[in-house]
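Heads up: the structure comes next, in structure tokens.
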Amino acid sequence: MDVLVIGNGGREHAIITSIAKSPMVGKIYCMKGNAGIAEIAECVDVNFMDSSAVCDWLKHHKNVEYTIVAPDDPLAAGLVDALQANGHRAFGPNQKAAEIESSKAFAKSLMKKYNIPTAAYEIFEDYEKALEYVRNGKFPVVLKADGLALGKGVLICESLQDAENGLRQIMLDKAFGAAGNKVVVEEFLQGKEFTPGEEVSILTFTDGKTIVPMVSSCDHKRAMDGDKGLNTGGMGTFSPCPFYTKEVADEVMEKILLPTIHAMNAEGRPFKGVLYFGLMRTPEGMKVVEYNARFGDPETQVVLPMLKTDLMEIFQAITDERLSEIKIEWEEGACVCVVLASGGYPQHYEKGKEIKIGNLDKEVFLYHAGTTRENGVLKTSGGRVIGICAKGKDVEKAREIVYRNIQKISFEGMQYRHDIGIKYIKSI
Ligand code: AMP
Ligand code: GLY
């Protein structure tokens with residue numbers, strides 16, 4: 001069958017690479033795609049935030065039988081609902097289910113109601129009340145704008161003054177727009193060994209009845225080495241996570257994954273798609289930091305290369321609610337992805353820089369994010385430009401291959417983290 005994929009980042013490049021291997025899949029289209037995706041799919045320049053434009057395009061492309069909606073914004077805007085209302089088969093949660101990501105207030109209330117372990121919190125719509133609460137609380141404290149904010153609506157405040165500034169930024173100055181109409185004020189979760197960053201990403205497949213975790217992975221959200229600098233969309237990942245043992249996975253299945261699926265069903269919002277659990281290892285056990293209603297980026301770039309089962313077959317089973325019938329298998333070993341970003345990202349950066357790529361080792365694969373081709377020349381067109389990836393028998397081997405090959409890629413201002421996967425090597 002011919003397939004449409006919605007999105008334009010490294011995650012979509014990884015999804016398309018994976019489904020392209022399926023004997024079920026014919027031609028692949030991508031709205032809007034990038035220069036890397038254009039090598040395996042036909043890129044379509046339609047605004048995917050306009051659901052009637054997408055439905056209209058599909059009316060003129062009757063050969064396309066299935067659409068995969070990958071990014072958070074169109075899911076939150078109800079693109080899957082619009083496609084299904086037009087009789088089209090689409091992968092991804094509907095708008096009500098996607099609220100588990102698009103409203104942090106909803107996600108927190110759900111966890112409280114169904115006893116799913118997470119940081120203690122209060123929700124405020126009134127600035128003065130929020131201010132009074134933080135004045136009487138402990139530090140650090142975490143402030144979260146309720147809505148979607150490109151992964152930037154979370155502020156970790158070390159002092160009262162930071163928290164006062166943060167509340168003003170979110171609630172009064174509306175630094176994240178309407179996402180800041182409500183704010184979640186949350187307890188800061190300390191890692192088990194009292195180090196920050198004991199976080200793990202668990203992406204799962206679910207059809208609302210069955211939930212199947214993918215291999216674990218770890219993201220690096222801060223811009224600079226040593227977890228310094230601003231929060232970004234993610235600067236690199238590795239899989240698997242060293243502390244995510246079978247014992248931890250069993251605890252998470254029982255206390256977090258299954259209760260979340262049951263909770264969504266009980267609320268009349270069955271979740272079908274990929275549900276992402278951002279988890280923290282704390283002295284009291286694993287707790288939820290966040291939910292995402294989709295594949296993570298750049299987690300997908302290290303998880304899907306390890307998948308042995310046909311991804312399209314899994315998608316179809318989810319749509320038809322027969323996920324329990326499928327056996328999902330993974331390769332042994334590890335995978336690492338390092339994001340090459342434009343100088344200045346996540347703040348101001350320039351685009352249109354020529355990208356030069358030398359002769360890479362055959363084990364290396366690239367997932368493009370912000371790239372474009374102008375008159376045959378590959379150029380940068382976004383903050384995160386390319387994810388360079390490799391598999392290996394372990395993280396150490398995979399990261400060695402990746403870092404050796406980074407030297408062969410260049411563009412003006414290129415920046416990247418030098419310590420992706422170091423955490424893993426230190427902890428074994
Ligand atoms: P989020 O956008 O919810 O993933 O938050 C961004 C990052 O902020 C997370 O990956 C964590 O590193 C950190 N964070 C969020 N909530 C907490 C919390 N309650 N305690 C400690 N760190 C947190
Ligand atoms: N890598 C985190 C996310 O996709 O939100």
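Since every read-out is calculated from the coordinates, none of them should be taken as a lab result. These numbers were taken from a predicted model, which means no experiment stands behind them. Reconstructed Cβ throughout: ideal geometry from the backbone, glycine too, with neighbour counts over all protein chains shown.
Which of the three applies to segment 35-83, rounded, prolate or oblate, going by the alpha-carbon gyration tensor with a ≥ b ≥ c and a/c under 1.5 meaning rounded? Oblate, since a/c reaches 1.5 and b/c is not below a/b.
The shape of segment 1-151 comes out prolate: with a ≥ b ≥ c from the C-alpha gyration tensor, a/c is at least 1.5 and a/b beats b/c. Below 8 Å between Cα atoms, with a sequence gap of 6+, how large is the relative contact order for the chain in percent? Dividing the mean separation by the residue count of the chain yields 16 percent.
When the Cα positions of Gly26, Leu172, Ala398 are compared along the charge dipole of the chain, Ala398 comes out farthest toward the positive end, with charges on each C-beta of Lys, Arg, Asp and Glu. Length gained on full extension, Gln169 to Leu230: 20.4 nm, using 0.36 nm per residue less the C-alpha separation. Length gained on full extension, Ile40 to Met1: 12.5 nm, using 0.36 nm per residue less the C-alpha separation. Computed 3J(HN,Hα) for segment 326-335, one whole-Hz value per residue from the Karplus formula 6.51 cos²θ - 1.76 cosθ + 1.60 where θ = phi - 60°, is 9, 9, 9, 10, 10, 6, 6, x, 9, 9, glycine and proline marked x. In order along segment 216-221, phi translates into HN-Hα couplings of 6, 8, 10, 9, 10, 7 Hz, rounded to whole numbers, per the Karplus curve 6.51 cos²θ - 1.76 cosθ + 1.60 with θ = phi - 60° and x for Gly and Pro. For Glu400, what is the net charge nearby, where nearby means another residue's Cβ is under 14 Å from its Cβ and Lys, Arg count +1, Asp, Glu -1? Every neighbour counted, the sum reads 0. Note on the chain: semi-axes of the ellipsoid equivalent to its C-alpha gyration tensor, largest first and rounded to whole Å, are 31, 26, 23. Kindly identify segment 341-428 as rounded, prolate or oblate by the Cα gyration tensor criterion: order the square roots of the eigenvalues as a ≥ b ≥ c, call it rounded if a/c is under 1.5, otherwise compare a/b with b/c, prolate if a/b is larger, else oblate. The shape class here is oblate.
The separation of segment 100-160 from segment 46-68, counted between C-alpha centres, amounts to 36 Å. Largest GNM mean-square fluctuation across Gly392, Gly33, Gly344, computed for the chain with C-alpha springs under 10 Å, falls on Gly344.
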